[in-house]
Amino acid sequence: MSSDKTDLKPQFTRGAVDILSRKTVYDGFFKMHKLRLRHRLYRGGWGGEMERELFVRGHAVGVLLFDPEHQLVALIEQFRIGALEREAGPWCLEVVAGMVEEGESLEDVARRELQEEAGLEVQELHFIRSYLPSPGGTCERMHLFCACADLRGIEGHFGLAEEHEDIRLRVFPLETVLAAVNSADDAIDNAASIISLQWLQLNRSRLETGATRG
């Protein structure tokens with residue numbers, strides 16, 4: 001095992017996992033697989049067989065909307081079943097987001113969702129990062145972008161009725177949103193929005209410079 005303290009790679013790779021069986025135990029709005037597997041151990045050899053359920057989701061894209069000239073941020077508000085028992089209620093403030101469909105690029109998804117959920121077309125997308133929201137139970141990977149646009153007067157109601165989407169687009173002063181993220185308040189308490197806004201806090205100066213030059 002490497003003693004290099006600058007090497008962040010795990011000791012094992014995918015080859016250290018032996019999938020003994022996999023079956024679909026639920027196939028509805030989402031999918032659930034049940035796997036029987038074993039994997040190598042740090043102390044050597046193989047661990048015993050175990051069963052794990054895997055919540056199967058593909059890749060998703062999230063887009064934070066920022067207006068560098070007027071210092072505004074746009075977020076969507078919508079009902080979320082996973083927040084049903086949330087103290088503030090199940091309507092959450094989030095970045096624009098959607099799932100990647102077969103044949104789509106990440107940028108295609110970002111632009112499609114911006115049109116569907118915010119009625120906007122943007123030219124440039126700034127990549128933030130990709131991450132695993134909850135690798136202990138789901139295979140989903142989220143890809144985050146930031147898009148700059150004039151956000152004045154864009155508030156409204158959006159979403160596809162056939163997908164039961166009922167979306168309210170809201171615009172806030174940047175400092176109001178950043179203060180909420182940096183407080184103990186749960187007004188903004190989902191990972192994609194928090195990561196995107198913290199990235200914006202670190203990178204806003206270069207976006208503002210670009211807007212001034214443009």
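The values are calculated or read from the model by the stated rules, or taken from the named source; none is laboratory data. Worth saying up front: this structure is predicted, and the values here are computed from it rather than measured. In this analysis, Cβ positions are derived from the backbone assuming ideal geometry, glycine residues included, and neighbour counts consider all displayed protein chains. Only protein heavy atoms, including side chains, enter the accessible area calculation; ligands, DNA and RNA are left aside. Shrake-Rupley method; radii C 1.70, N 1.55, O 1.52, S 1.80 Å.
Details
- Any chance Lys23 is more than 29 Å from Cys148 (Cβ to Cβ), at pLDDT 95 or above and under 25 Å from the mean Cα position of the chain (by Cα): no
- Residues that are under 30 Å from Arg204 (Cβ atoms) and out of contact with any strand residue (DSSP E or B) (no Cβ under 6 Å at 6 or more places or on another chain) occur at least once in segment 2-23.
- Some residue of segment 185-199 being of a type in the set (Asp, Glu), within 21 Å of Gln71 (Cβ to Cβ) and open to solvent by 40 Å² or more (accessible area, probe 1.4 Å): yes
- The residues on offer are Gln78, Gln71, and the sole one that is of a type outside the set (Gly, Ala, Ser), within 27 Å of the chain's Cα centre (by Cα), over 30 Å from His164 (Cβ atoms) and surrounded by 11 or more Cβ atoms within 10 Å (Cβ to Cβ) is Gln71.
- Answer residue from segment 88-106, given it is open to solvent by less than 70 Å² (accessible area, probe 1.4 Å) and among the acidic types (Asp, Glu) and is farthest from Leu75 (Cα to Cα) among those: Glu104
- Pairs meeting the criteria (first residue in segment 148-174 and among the aromatic types (Phe, Trp, Tyr), second residue surrounded by 14 or more Cβ atoms within 10 Å (Cβ to Cβ), beta carbons under 6 Å, at least 6 apart or on different chains) are Phe158/Glu117; Phe158/Ile167; Phe158/Leu169; Phe172/Val73.
- Members of segment 115-139 that are surrounded by 14 or more Cβ atoms within 10 Å (Cβ to Cβ) and either in a loop (DSSP other than H, G, I, E, B) or among the aliphatic types (A, V, I, L, M) (or both): Ala118, Leu120, Val122, Leu125, Ile128, Pro133, Cys139
- Residue match in segment 56-63 (condition: free of Cβ contacts under 8 Å to residues at least 24 places away in the same chain, closer than 24 Å to Gly137 by Cα and in contact with a Leu (Cβ under 9 Å, 6 or more places away or on another chain)): no
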